Amino acid sequence: MSDTELVRLKPRRIRVVCWSAAIALLLVFGLVGTSLSGPTGDGYGSFQRGDQIAMIGLGIFGALGFLLFTRPRVEADARGVRVRNVISSYQLPWEVVRGVRFDRGAPWASLELHDDDLLPLIALQAADKELAVDGVRALRRLHEAHRSRLAERAAGR
């Protein structure tokens, strides 16, 4: 384990699902938006160009909402770990991390912190199977290397 090793992790399966869903949503709302024309069902109004644009706009916003779930990432090196989840981001030194957990049945891995908090690592999802397991192992190696360096420094005093 070198001091320059950088571990970059991101989910695979959720990215494929979200991109597929976003494209499908754009297509559906685009087709609906372009097919809106003429009078409404009761004949009291008619669809205008603004209605078509609004439907396409809703499709775009919905697709962007799906793509938020492709945002999670984890980067780690000898100094610490950077976690980006769907909405929040964290940068933590290894000193505050007690361990890397991936409990049986859990949807994703998590960092166990020394203040007894759990920080979810949404980038390491159980649906990605071996990719997630390899990512957890890499994070555990970095964490263990950090703990070994601390122990060597303490013994060298």
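The values are calculated or read from the model by the stated rules, or taken from the named source; none is laboratory data. Nothing here was measured: the structure is a model prediction, and the numbers come from that model. With ideal geometry, Cβ positions are generated from the backbone for all residues, glycine too; neighbour counts draw on all protein chains shown. Keep in mind that these areas ignore ligands, DNA and RNA; they rest on the heavy atoms of the full protein, side chains included. Shrake-Rupley method; radii C 1.70, N 1.55, O 1.52, S 1.80 Å.
Can you tell me which residue is farthest from the chain's Cα centre (by Cα) among those in segment 25-55 that are among the aromatic types (Phe, Trp, Tyr) and outside any helix (DSSP H, G or I)?
Checked segment 25-55; the qualifying residue farthest from the chain's Cα centre (by Cα) is Tyr44.
Yes or no, residue by residue, for (1) under 22 Å from Asp103 (Cβ atoms); (2) modelled with pLDDT of 90 or more:
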{"site": "Leu118", "(1), (2)": "yes, yes"}
{"site": "Ile122", "(1), (2)": "yes, yes"}
{"site": "Gln125", "(1), (2)": "yes, yes"}
{"site": "Leu131", "(1), (2)": "yes, yes"}
{"site": "Arg137", "(1), (2)": "yes, yes"}
{"site": "Leu142", "(1), (2)": "yes, yes"}
{"site": "Ala145", "(1), (2)": "no, yes"}
{"site": "Arg149", "(1), (2)": "no, no"}
{"site": "Arg157", "(1), (2)": "no, no"}
Exercise. Taking Arg8 as meeting all but one of (1) basic (Lys, Arg); (2) open to solvent by less than 100 Å² (accessible area, probe 1.4 Å); (3) out of contact with any helix residue (DSSP H, G or I) (no Cβ under 6 Å at 6 or more places or on another chain), write down the number of the exception.
Key: (2)
Exercise. Kindly establish whether Thr70 is over 18 Å from Arg140 (Cα atoms), modelled with pLDDT under 95 and buried (at least 17 other Cβ atoms within 10 Å of the Cβ).
Key: yes
Practice problem: Considering every residue within segment 32-52, establish whether at least one is modelled with pLDDT of 95 or more and more than 30 Å from Gly135 (Cα to Cα). | Solution: no
Quiz item: Is there any pair linking a residue in segment 71-95 that is of a type in the set (Gly, Ala, Ser) to one that is open to solvent by 70 Å² or more (accessible area, probe 1.4 Å), with Cβ under 7 Å and at least six apart or on different chains, and which?
Solution: Ala78/Asp3; Gly80/Gln91
Quiz prompt | Filter result for the condition that a residue is in a helix (DSSP H, G or I), surrounded by 14 or more Cβ atoms within 10 Å (Cβ to Cβ) and in contact with a strand residue (DSSP E or B) (Cβ under 9 Å, 6 or more places away or on another chain), over Leu121, Leu92, Leu58, Leu142 | solution = Leu142
